[in-house]
Amino acid sequence: MFKHPRLMHYNRLVALVVLVNLIVAGAAVPGGIDPRTSADAVLVNLAVAILIRQQYVINALFRVATAAPVSWPLRLRWTLGKVYHFGGLHVGGALCGTAWFTILLVQLAMAGAGTALLAVSYALVVLLGLLVVTALPPVRGRFHDAFERIHRFGGWAALALFWWQTLLLVHGDGRSALAAPQTWLLALVTFSVALPWLRLRKVPVSVERPSSHVALAHFDHGHTPFAGSSTAISRSPLWEWHSFANVPAPGRSGFRLTVSRAGDWTGSFIDDAPDHVWVKGITTAGVANIETLFTKVVYVATGSGIGPCLPHLLAGEVPARLVWVTRSPRETYGDALVEEILTAQPDATVWDTSARGKPDMVRLACQARQECGAEAVICISNRHVTWKVVHGLERLGIPAYGAIWDS
């Protein structure tokens, strides 16, 4: 029952945050929930929602979760591997923060708050509502570019308005802003939001195009990221960012990104390759980093999903077996990349869909796992295939992992 997709750890974390907030609200009801309690609940929830997405926090979460030795019980390591579901805390905090803010607005209106405080609060509730609505999966999936821009500029505007509202509330209580904990929590949130942008820089890139479907972007600007991390790049930093898995080569500086044609931006990158792009923040751990929790893993990749798998296969930190399902691998990705993959994984299953058609991915993953004795399966593919493989294997009692498209 607990392996149903609707009960995945992401949703459990959302429910946990909601439950904690209900308990807090229930405990406060007998004595009455005053505006100060509501304001504090808003700030704490939104701080959780923002800080859990901070790149240093994400890397720390992965570091702690993957520190468990492989001698620990598989059931426990299975759960620790779900660390990348932390986005549930983001969603839970955002939803509960917005709910508390609605309560706060009603309280302020009923108490006859000043015009400035009410105006800021009304503007904030509209902005928070817009952020929540555009983050709903159907809306975000259909209008992703609009979602990204609304969350960037709307988020900055909301942060500024929160500063204004918090200072008005603190002043209304007769407290010093510097002595109020809310001020320092808001300062921490602001620093967290600003930090990736403080590391914004334009770097050179060399683009190799083995086919019209794929570009291999080579970077060597004094930074070699760790295997299993990702980098966000942009040609217009205020408008659009795209993250790709870093592929460092052992013993060499720099790294590569595999850019597959999947939309207007990636198509433009392949057809009109830039010589410089923007990067910001720090390289961030991705789902495949959980491999170290297991004695052996199977990597299941389709198409350009080979990109996030390749650095782990090259590093060889954990014994692995590759299953790669793709169309015309040599024609699409070039002989050099295919040979590099086969050198690292001589026993790999490379399924050419142009010659053999589409396979049963769950059966293929199960077969590879049984043959090599792996403890877990990591799937890097599109949403449909990933969820089919992950949830299909989990229902069979096999630890399985893959992206959840929550950002």
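FYI, it's all coordinate maths here, none of it is from the lab. Not measured: the values here are computed from a predicted model. Note: ideal-geometry Cβ built from the backbone for every residue, glycine included; neighbour counts use all protein chains shown.
Worth a mention:
- Nearest-ten-degree value, helix 55-65 long axis tilted from longest Cα axis of the chain: 70
- The chain - percent relative contact order, Cα under 8 Å, separation 6 or more: 15
- About its Cα centre, the dipole of region 5-196 is roughly 740 debye, where the only charges are +1 on Lys and Arg Cβ and -1 on Asp and Glu Cβ.
- Residues with amide H under 5 Å from that of SER328, placed H, sequence gap 5 or more: THR353, SER354, ALA355
- Principal-axis tilt of helix 383-395 within the chain, Cα atoms, nearest 10 degrees: 90
- Each label point was placed 7 Å from the Cα along the Cα-to-Cβ direction; for LEU118 and ALA67 their separation is 5.2 nm.
- Selection from GLY81, PRO346, GLN165, by position along the positive dipole direction of the chain (Cβ): GLY81
- Set of lysines with alpha-carbon distance to LYS358 below 29 Å, sequence-local pairs under 8 removed: LYS3, LYS82, LYS296, LYS388
- Separation between Cα centres of region 208-276 and region 116-147, rounded to whole Å: 31
- Dipole magnitude of region 201-285 about its Cα centre (Cβ charges: Lys, Arg +1; Asp, Glu -1), debye to nearest 20: 240
- Label-to-label distance, nm, for residues given as THR353 and ASP173 (7 Å Cα→Cβ offset): 5.6
- Dipole axis of the chain (+1 Lys, Arg; -1 Asp, Glu on Cβ), positive-most option in LEU22, SER230, LEU178: LEU22
- Which of CYS372, CYS96 has the fewest Cβ neighbours within 10 Å, and the rest in rising order: CYS372, CYS96
- Shown here: Cα Rg over 2.2 N^0.38 Å, derived from the displayed model; of the candidates (1) 1.20; (2) 1.09; (3) 0.92, it corresponds to (2).
- Helix axis angle, 35-51 relative to the chain longest principal axis, alpha carbon, degrees: 20
- Charges were assigned to the Cβ only: +1 to each Lys and Arg, -1 to each Asp and Glu. The resulting dipole of the chain about its Cα centre is roughly 600 debye.
- Dipole of the chain, positive direction: furthest Cα of TRP405, LEU257, HIS276, with charges on the beta-carbon: TRP405
- For region 70-77, Karplus couplings with θ = phi - 60° (6.51, -1.76, 1.60), whole Hz, Gly/Pro x: 6, 7, 5, x, 4, 4, 5, 5
- Shape call, region 276-407: gyration tensor on alpha carbons, a/c limit 1.5: rounded
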